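Engineer: Handing you this structure, nothing more for now.
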Amino acid sequence: MGVRRTPGSVVRAAVGAVVVTAGLIATAAPAAAAPLWPGGPDISLPGLPPAPELPTLPGLPAPPSLPTVPQLPAPPQRGPANFATPAVNPSAGEVVGIAQPVILRFSAPIADRAVAERAIDVTTSAGDVPGRFFWFSDRQVRWRPDAFWPANTDVTVRAGDLTSRFTVGDAIVTTADDATKTITVTRNGAVVRTMPTSMGKPGHETPNGTYVIGERYRDMYMDSSTYGVPVDAPEGYRTYVEYATRMSNSGIFVHAAPWSVGSQGAENVSHGCLNVSTEDAKWFYETVQKGDPVIVQNTAGGVLSGYDGLGDWQL
């Protein structure tokens, strides 16, 4: 007889099969794994606490900025010369005083003075010494510092293709004061001699101002006819003098005047010169040098002309 199947029996058979299968799976499961810690159960490690935050370092100050190095002034740039090689005074190698101007003489008239000035420069071993030009004519220009040269300084003059060097010596300054009728001489600021003097008498008063020592004569004749007064005129003279030191081109000297020693320091009796004793005149002649200043003050004689030739400091 055949098997009679109904839908229900099919379902039961299927479920039984599932059960059996499940049982088989359970029976075949592997043994439990060995614990991670010997002798203990398999447990998980507790979580580590979070690392503490490191403190932040305070910000370091910015490094100080380095000081800037001052820019050195560019050396003067000379322009092209519009003149041939000039004659220069002081001459190369000469030693002069602190009031000495630089004098350039040209062989031909200078049409454009500004172009000529740009072709000239004056430098010193003491650094920058400001100064100015003065034109005495189309053939002569002068340059002097605004104040006296620094003592014991080397000076270089360049003019076109000319280069010349001279030296400024000690600061020897002479002051002739008509209020006291005394001459005071200092060297580098220290008084080295005082001398009684007699200056220009009324009508021949010695001008005030800063003079520049020129040439010196061991002896000479002073002659009034050289400035237009005949020797035989009431105020004329031709007199032999010793130790004469020129301080103006208009004829003013410091010189020995033994005939006026009684008036020196007391009254003015000269024709404009600074009279001193023979001893003082000799000392002065041997001590001062070309370019030293002589300052005359407190006279009734007006002011020395800047164009005297030795009166540059009035310009």
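The values are calculated or read from the model by the stated rules, or taken from the named source; none is laboratory data. Remember, it's a predicted structure, so these values are computed and weren't measured experimentally. Cβ sites come from the backbone with ideal geometry, for glycine too, and all protein chains shown count toward neighbours.
Engineer: Restricting attention to the range 191-248, which residues are acidic (Asp, Glu) and either within 21 Å of LEU304 (Cβ to Cβ) or not assigned by TED's automatic domain parsing to the domain that holds LEU310 (or both)? Give the derivation first.
Structural biologist: Of the range 191-248, the ones acidic (Asp, Glu) are 205, 215, 219, 223, 232, 235, 242.
Passing the criteria: GLU205, GLU215, GLU235.
Engineer: GLY262 - would you say it is modelled with pLDDT under 95, in a loop (DSSP other than H, G, I, E, B), surrounded by fewer than 16 Cβ atoms within 10 Å (Cβ to Cβ) and of a type outside the set (A, V, I, L, M, F, W, C)? So that I can check it myself, show each step before the final result.
Structural biologist: Details: modelled with pLDDT under 95: no; in a loop (DSSP other than H, G, I, E, B): yes; surrounded by fewer than 16 Cβ atoms within 10 Å (Cβ to Cβ): yes; of a type outside the set (A, V, I, L, M, F, W, C): yes.
Judged against the criteria, GLY262 is not a match.
Engineer: Please work out if ARG132 is in contact (Cβ under 8 Å) with a residue 12 or more places away in the chain, in contact with an Asp or Glu (Cβ under 9 Å, 6 or more places away or on another chain) and exposed (fewer than 15 other Cβ atoms within 10 Å of the Cβ). So that I can check it myself, show each step before the final result.
Structural biologist: Numbers: in contact (Cβ under 8 Å) with a residue 12 or more places away in the chain: yes; in contact with an Asp or Glu (Cβ under 9 Å, 6 or more places away or on another chain): yes; exposed (fewer than 15 other Cβ atoms within 10 Å of the Cβ): yes.
When the stated conditions are applied, ARG132 passes them.
Engineer: Then there's this: With ALA99, ALA151, ALA111, ALA171 as the choices, which residue is over 17 Å from ARG78 (Cα atoms) and loosely packed, with under 15 Cβ neighbours inside 10 Å?
Structural biologist: Result of the check over ALA99, ALA151, ALA111, ALA171: ALA111.
Engineer: Shifting gears a bit: Looking at the range 185-192, can you tell me whether even one residue there is surrounded by fewer than 16 Cβ atoms within 10 Å (Cβ to Cβ), at positive phi and without any contact (Cβ under 8 Å) to a residue 60 or more places away in the chain?
Structural biologist: Scanning the range 185-192, I find at least one residue that is surrounded by fewer than 16 Cβ atoms within 10 Å (Cβ to Cβ), at positive phi and without any contact (Cβ under 8 Å) to a residue 60 or more places away in the chain, so the answer is yes.
Engineer: Looking at the range 103-112, is at least one residue aromatic (Phe, Trp, Tyr) and in contact with a helix residue (DSSP H, G or I) (Cβ under 7 Å, 6 or more places away or on another chain)?
Structural biologist: Of the residues in the range 103-112, the ones aromatic (Phe, Trp, Tyr) are 106.
Next, only the ones that are in contact with a helix residue (DSSP H, G or I) (Cβ under 7 Å, 6 or more places away or on another chain) stay: none.
No.
Engineer: Same structure again: Looking for whichever is under 29 Å from VAL168 (Cβ atoms), in contact with a strand residue (DSSP E or B) (Cβ under 6 Å, 6 or more places away or on another chain), part of a loop (DSSP other than H, G, I, E, B) and at pLDDT below 70 here; the options are PRO76, PRO70. Which one fits? Break it down into steps so the answer makes sense when it comes.
Structural biologist: On the way: PRO70 fails: in contact with a strand residue (DSSP E or B) (Cβ under 6 Å, 6 or more places away or on another chain).
From the options PRO76, PRO70, the qualifying one is PRO76.
Engineer: In addition: Across the range 281-309, which residue is surrounded by the most Cβ atoms within 10 Å (Cβ to Cβ) among those that are among the hydrophobic types (A, V, I, L, M, F, W, C) and under 29 Å from the mean Cα position of the chain (by Cα)?
Structural biologist: At the first step, the residues of the range 281-309 found to be among the hydrophobic types (A, V, I, L, M, F, W, C) are 281, 283-284, 288, 294-296, 300, 303-304.
This time we only want the ones that are under 29 Å from the mean Cα position of the chain (by Cα), so: 288, 294-295.
Numbers: VAL288: 22, VAL294: 27, ILE295: 16.
If we take residues in the range 281-309 being among the hydrophobic types (A, V, I, L, M, F, W, C) and under 29 Å from the mean Cα position of the chain (by Cα), then VAL294 is surrounded by the most Cβ atoms within 10 Å (Cβ to Cβ).
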